[in-house]
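Q: What follows is a single structure, and I will ask about it in a moment.
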Amino acid sequence: MTMKTADYVALEDRHEAHYYLPLDVVINRAEGVWVWDVEGNKYLDCLAAYSAVNQGHCHPAIVKALADQAAKVALVSRAFRTDQLGLFYQQVSELTGFPRVLPMNTGAEAVEAAVKLTRKWAYTVKGVADDQAEILVFSDNFHGRTTTIVGFSSEPQYRQGFGPYSGGFRILPYGDAEAVADAMNPNVAAILIEPIQGEGGIIIPKAGYLQDLRQIATENNVLLMLDEIQSGLGRTGKMFAFEHEGIRPDVLILGKALSGGHYPVSVVCAEDKVMDVFRPGDHGSTYGGNPVAAAVARAALQVLVDEKLVENSADLGQYLLDRLRQVDSDYVKEIRGVGLWIGIELEPDVGGARQFCEALQEMGILCKETHEHVIRFAPPLVITRDEVDWALERITQVLTSDRFRAATTQPVA
């Protein structure tokens, strides 16, 4: 029996834990910026697996690195050394400027590792009293789904039913440097922040905000820790989002596009004076730093550089943003973006962004809503001008369609 979309959807719904609400498209092939469903329909991927597929789907150089290394040796555990790991460290260090690299698997694991790192630094270097270290975090943050991380989320659904939560975190308003300055006290170990909030709806703080945080952190002997799991590696038109403000963090967290979407790879990067607080046995991971992960990440990073994907993100991202802002739509409240990372916030009375994503799916474009009212666009960085124009034509049709008019029409009194 040949299975169709409805059959696959029913199979998933029958057996899967109901923790996602995906669009009802069943993808079975992908290449570059395009994906195909089980019935042969073709779609432009404008989500790029939450920026994990910056290099495009199934990039041949990354696929080859994965296959070649898997055929040699895939995992020997960190009890032994492999020929890939040191080369991977060197490449990450040269790209980021940080001499020390801690390899993990997922972004959430890297955030957890960074939390441990900064707490250890606070007790052994800064001199904070045992168990009193405090990390400053921000409203509408998204750093992962572990119990520690959801404990300092400001999103009720991410928290509800998962307590009790770990202490040691204080949530401050995002974009308010004065609130950070006011929160400083001898127990503050670190500021943990996304330079741009992706899941929050592509929220871009005002110019100078990161510079202010850098100054506050330096003056108070506090580590500035940037989560660039989504924003890093070219998404914003710079290799790292912090480069837009000309600052450097003390700790940098990367993931997602670090492997081009082919394998779970993440890292925590830091200076010697921070990373050297770890001793053998303080932290570990069975798969973290395995040779397949290292080989895949090395290829993925090389693709970003060799194919000038950061530059393409800057060029086509500005082009896309400018063109979208020319669209005359009654549904749109605000359009925000930097690089190939754009959020279209809809008016609250439209009825939510989900219906627009479903309409775009019908037009051959796959994207995802976030925070109910925002459509986000984040295509692979290999996208071309012609493909952007193809997408713009269809996005414009959806944003100006009368099909959503009824949701915004108020009844006559």
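Q: Find the percent of Cα-Cα distances in the range 251-364 that exceed 21 Å, and round it to a whole number.
A: Considering the range 251-364, 61 percent of its Cα-Cα pairs are separated by more than 21 Å.
Q: For the range 85-100, what does the Karplus curve 6.51 cos²θ - 1.76 cosθ + 1.60, with θ = phi - 60°, yield as ³J(HN,Hα) per residue in whole Hz, taken in order and with x for Gly and Pro?
A: 5, x, 5, 4, 4, 4, 5, 5, 5, 5, 6, 8, x, 9, x, 10
Q: Packing-wise, with mean Cβ within 10 Å as the measure, how do 249-256, 185-192, 20-27 rank, highest first?
A: Descending packing order for the listed peptides: 249-256, 185-192, 20-27.
Q: What distance in nm separates the simple spin-label points at Ser93 and Ala71, each placed 7 Å from Cα in the Cβ direction?
A: Going from the Ser93 label point to the Ala71 one covers 3.1 nm.
Q: Net charge around Ser166, counting only other residues with Cβ within less than 15 Å of its Cβ (Lys, Arg = +1; Asp, Glu = -1)?
A: Net charge in that neighbourhood comes out at +2.
Q: Once the dipole of the range 60-306 is set up with Lys and Arg at +1 and Asp and Glu at -1 on Cβ about the Cα centre, which of Gly97, Ala297, His244 lies farthest towards its positive end?
A: So the residue furthest toward the plus end is Ala297.
Q: Could you work out the local net charge near Lys256, counting Lys and Arg as +1, Asp and Glu as -1, over the other residues with Cβ closer than 12 Å to its Cβ?
A: So the environment of Lys256 carries a net charge of -1.
Q: Using unit Cβ charges (K, R positive; D, E negative) and no other charged atoms, how large, in debye to the nearest 20, is the dipole of the range 60-306 about its Cα centre?
A: The dipole of the range 60-306 has a size of about 740 debye.
Q: Starting from the Cα of Tyr319, step 7 Å along the direction of its Cβ; do the same at Phe162; then give the gap between the two resulting points in nm.
A: 3.9 nm
Q: Please tell me which of these pairs span more than 18 angstrom C-alpha to C-alpha: Lys120/Lys273; Lys72/Lys256; Lys4/Lys42?
A: Table pairs above 18 Å Cα-Cα are Lys72/Lys256.
Q: Over the residues of the range 60-306, compute the C-alpha Rg and express it relative to 2.2 N^0.38 Å.
A: Cα-based Rg divided by the globular estimate yields 0.99.
Q: Now a separate question. With the radius of gyration and the Kirkwood radius both derived from the Cα set of the chain, what is their ratio Rg to Rh?
A: 0.97
Q: Over the chain, what is the relative contact order in percent, taking alpha-carbon pairs closer than 8 angstrom and at least six residues apart?
A: Reported relative contact order: 22 percent.
Q: Just need the relative contact order of the range 327-413 here, percent rounded to a whole number, with Cα pairs under 8 Å and 6+ apart.
A: Result for the range 327-413 is 31 percent.
Q: Can you give the FRET efficiency to the nearest 0.05 for His283 and Glu12, using r as the Cβ-Cβ distance and R₀ = 35 Å?
A: Working from the Cβ atoms, E equals 0.50.
Q: Report the relative contact order of the range 60-306, percent, no decimals, based on alpha-carbon pairs under 8 angstrom and at least 6 residues apart.
A: So the answer I get is 31 percent.
Q: Considering the options His371, Gln397, Ala353, tell which one lies farthest towards the positive end of the dipole of the range 313-413, charges being +1 on Lys and Arg and -1 on Asp and Glu at the Cβ, about the Cα centre.
A: It is His371.
Q: Could you order the peptides 218-230, 280-292 from most to least packed, using the average number of other C-beta atoms within 10 Å per residue?
A: 218-230, 280-292
Q: Here is a further query. Grab the Cα-Cα distance for Thr218 and Met3, subtract it from 0.36 nm times how many residues apart they are, and report the gain in nm with one decimal.
A: 71.5 nm is the gain from fully extending Thr218 to Met3.
Q: Quick one: P(r) of the range 138-255 from all Cα-Cα pairs, 10 Å bins, percents rounded to integers, in order of increasing distance.
A: Bins of 10 Å from zero give 14, 46, 34, 6, 0 percent of pairs.
Q: Continuing with the same structure: Using the Cα centre as the reference, give the magnitude of the dipole from point charges on the C-beta atoms of the chain (Lys, Arg: +1; Asp, Glu: -1; all else neutral), rounded to the nearest 20 debye.
A: Rounded to the nearest 20 debye, it is 1000 debye.
Computed from the coordinates by the stated procedures, all read-outs in this text should not be read as laboratory data. Source: prediction; values computed, not measured. Counting neighbours? That spans all protein chains shown, and the Cβs are built from the backbone with ideal geometry, glycine included.
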